[in-house]
Structures are given as C-alpha cells and as structure tokens.
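Novice: There's a structure below that I have some questions on.
The values are calculated or read from the model by the stated rules, or taken from the named source; none is laboratory data. Please read these numbers as outputs of a predicted model, since none were measured by experiment. With ideal geometry, Cβ positions are generated from the backbone for all residues, glycine too; neighbour counts draw on all protein chains shown.
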Amino acid sequence: TCSAEQAGIEEFDLKDAKVGFSQSEAESNPFRITETASIEKEAGKRGVELITANAQSDFAQQISDVQDLMSQGAEALIIAPLNSDGWEPVLAEAERKQVPIVTIDRQINGDACDDYVTFIGSDFVEQGRRAADQMIEALGGKGEVAVLLGAAGNNVTTERTKGFKERVEENAPDIEIVFEQTGEFTREGGQSVTEQLIQSNPDIDGIYAENDEMGIGAVTALRGAGKQPGDVEIVTVDGTEEAVQLIIDGWIHGVVESNPRFGPLAFDAHESFGKGEEVPVELIISDREYDADNAEEELPNAY
Ligand code: GYE
C-alpha cells in the first residue's frame, strides 16, 4: 500500500483539486473513447475540475503533455501511459511539485509509492490465458496460429503474449505459433499484417489479435482475400461493440474483455490518498468474456 505520508506528499481534498488526465492514443479506438469518457464522467459527478491532453500515440508528446498539465496547475494526475519506460523527467517534476500520479491501463516502470501511487489495470497475463483457452477450444487443440502483437514498449503487449503462449504450451502441444508481428494496436496495422500473413501462410488456422482493432483489421483482410466466416478462428481482446457483433456474424470466435472504465477507481484512489489513507499500489479491474453463446445477450455490455 501507499499513503501520502509514505510518499512524502501533503494531504489534500480532491474536491478542491485540479486533476490532469493524459490520454496516450487517439480516440478512434473505442477502448480510448470509453476510457476518457469514464474519467470525464467521474470528474463531472464529483464536481472536480479536470484538464486533459491526448498524445496521439507520440511518446515525446505525452511527456510534454503531462509537464503542461502540471504547469497548468494540476495537483493530481491520472496517466494512461503510451510506453512503460522513459518517464523519469515527469516523475522528477511530479516529485518536486508533490503531485500524486495514478496510472491506468498500462504501467509506468518505477517504484510504487515513490514514483506513482497506484496502477489500475487488468490482469493482462490472465487475459492472454483466457484468449488461449478460447483458441484451443476453437481449434480443437490443433493447428497453426498467428499472433498479431500489440505495440512494443508497454507491459500490456508483453503480458498478453506471455499468458497466451504459456497456456498454449501447457495445454495444447499440437498448436504451433507460426507467425508473430506487431499490428501496433491499430486497425490498419492489423489489416496490413494479416494481408502479409495470408501471403506467407495461406492455410493459417487461427489468429490471436492482441486487441479488437487489430482483429477487426484482420477480418477486413480475410474478407478481401475471399475467406468465409469460420475459415480462420479469430480471438481478440477488448470487448468493443464492433468485435462482439463480429462474433454474432461468425467472423470472430471469442473476445476477452479489457475493461476501460477506470473513472470511479481512479478518483477513489486519489480521494483516499489525499485523505491520508493507505491505497493499494495495484488495483485489478474485472473483465468479462464474450463468445457465440453469450454475444447476443451481452452486446449491450460491449463498448
Ligand atoms: O487493449 C488497446 C489499446 O493498454 C489496455 O491499448 C490497453 C490497450 C487496449 O490500444 O485497445
């Protein structure tokens, strides 16, 4: 746990504080839209003044965004980091200005409580394992699988990959991972990598896309190549409406949710910390799961 005393920060009342929110990626991905909306809604509910910035997937921009938020007087920060490393300049300034940091969805590498108060995200290794379970089921434990990796440089990609590979190795020795390339967590990336995949491995049996946007891009590529729903088993992570609809349409086998609704948890963490209470240095949000059995009925829970 972490307390204001331990962190060397003076106690504060969140209601009177200006809070800065730094978003990492463009809001074309519903994960990002829902995440930002959740932060804004919660700030509104509590009457907290919120200032925001979006780095559009440019890490240097995100560092200067957060510095700007502090010069604009942010007294507490919520950061959705693009990369996990490289935060030293921000951490040093936040320490000097006594600004507590809560990070959401991706981790900042540093010392918990010293460098940041808490990390709030999913259990990404578990998401990878759940995706593997879906893939193993879809392929009856046998076949060739491609992995569309997320962007490099963050814990989410590393952990989603680790959980998936470990579970396949343990439980499905007849599934072989034959192709691995990053689609940068974008739809265009997923599409172009899948176009290459179809050239190099035309008989691929399954695709694990480390987010929905890449999975949707993969479906576009498969459609373009004349494939039919079910020809290639696709498993993705996020839980967007479009991906869950593609389960109903038969293109995607299953989706493991990555829940982006961090607003209440993030503001609760800052509020308790400001009051001098002990806050856990890691908070795991719970994730749903979608497949053909529940997609129709669960669609309203997708984002
Ligand atoms: O899955 C993806 C986004 O960091 C958990 O990043 C997040 C991931 C999410 O680009 O859609």
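Novice: Among the residues of region 7-22, are any within 16 Å of the ligand (Cβ to nearest atom), out of contact with any Asp or Glu (no Cβ under 8 Å at 6 or more places or on another chain) and β-branched (Val, Ile, Thr)?
Specialist: No, the conditions are met nowhere in region 7-22.
Novice: So which of Asn201, Asn211 is modelled with pLDDT of 95 or more, closer than 22 Å to Gly128 by Cβ, of a type outside the set (Val, Ile, Thr) and within 16 Å of the ligand (Cβ to nearest atom)?
Specialist: Numbers: Asn201 fails: within 16 Å of the ligand (Cβ to nearest atom).
Unique residue meeting the criteria: Asn211.
Novice: Which of the following residues is among the acidic types (Asp, Glu), more than 16 Å from the ligand (Cβ to nearest atom) and surrounded by fewer than 23 Cβ atoms within 10 Å (Cβ to Cβ): Glu88, Glu126?
Specialist: Answer to the selection: Glu88.
Novice: Continuing with the same structure: Scan region 4-19 for residues that are over 14 Å from Gln98 (Cβ atoms) and in contact with a helix residue (DSSP H, G or I) (Cβ under 9 Å, 6 or more places away or on another chain) and jot them down.
Specialist: Asp13, Leu14, Lys15, Val19
Novice: Identify the residue in region 276-303 that is under 20 Å from Asp111 (Cα atoms) and touching an Asp or Glu at 6+ places or on another chain (Cβ under 6 Å) and, among all such residues, is surrounded by the fewest Cβ atoms within 10 Å (Cβ to Cβ).
Specialist: The selected residue is Gly276.
Novice: If you don't mind, another one. Among the strands (runs of 3 or more DSSP E) confined wholly to region 204-303, which include 1 or more residues that are aliphatic (A, V, I, L, M) and in contact with a Lys or Arg (Cβ under 9 Å, 6 or more places away or on another chain)?
Specialist: Passing ranges, in order: 233-238, 254-257.
Novice: Pick from region 23-55 the residues that are of a type in the set (Asp, Glu) and more than 12 Å from the chain's Cα centre (by Cα): which of them is nearest to the ligand (Cβ to nearest atom)?
Specialist: Filtering first and then ranking leaves Glu27.
Novice: Separate question: Restricting the first residue to region 167-181 and requiring it to be within 18 Å of Asp203 (Cβ to Cβ), which pairs with a second residue that is among the acidic types (Asp, Glu) meet a Cβ separation below 7 Å and a spacing of at least six or different chains?
Specialist: Cβ pairs passing all conditions: Glu176/Glu144; Val178/Glu144.
Condition check ((1) buried (at least 23 other Cβ atoms within 10 Å of the Cβ); (2) among the small types (Gly, Ala, Ser); (3) out of contact with any helix residue (DSSP H, G or I) (no Cβ under 6 Å at 6 or more places or on another chain); (4) modelled with pLDDT of 95 or more) across all residues:
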residue	(1), (2), (3), (4)
Val117	yes, no, no, yes
Ser122	no, yes, yes, yes
Ala132	yes, yes, no, yes
Leu139	no, no, yes, yes
Thr157	no, no, yes, yes
Val178	no, no, yes, yes
Glu188	no, no, yes, yes
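Novice: Shifting gears a bit: Output the residues belonging to region 258-288 that are within 12 Å of the ligand (Cβ to nearest atom) and touching a strand residue (DSSP E or B) at 6+ places or on another chain (Cβ under 6 Å).
Specialist: Across region 258-288, the qualifying residues are Ser258, Phe262, Asp287.
Novice: Answer yes if at least one residue in region 91-105 is at pLDDT below 95 and of a type in the set (Ser, Thr, Tyr), and no otherwise.
Specialist: Looking for residues that are at pLDDT below 95 and of a type in the set (Ser, Thr, Tyr), one finds none in region 91-105, hence no.
Novice: Something else about it: Taking region 191-226 as the search range and keeping residues that are of a type in the set (D, E, K, R) and surrounded by 16 or more Cβ atoms within 10 Å (Cβ to Cβ), which one is nearest to Val156 (Cα to Cα)?
Specialist: Glu210
Novice: Quick one: count up the residues across region 91-117 that are within 16 Å of the ligand (Cβ to nearest atom) and among the β-branched types (Val, Ile, Thr).
Specialist: Adding up the residues that qualify gives 4.
Novice: Can you confirm whether Phe273 is surrounded by 20 or more Cβ atoms within 10 Å (Cβ to Cβ), in contact with a Cys (Cβ under 8 Å, 6 or more places away or on another chain) and under 28 Å from Ile51 (Cα atoms)? Explain how you work it out, then say what you get.
Specialist: Values: surrounded by 20 or more Cβ atoms within 10 Å (Cβ to Cβ): yes; in contact with a Cys (Cβ under 8 Å, 6 or more places away or on another chain): yes; under 28 Å from Ile51 (Cα atoms): yes.
When the stated conditions are applied, Phe273 passes them.
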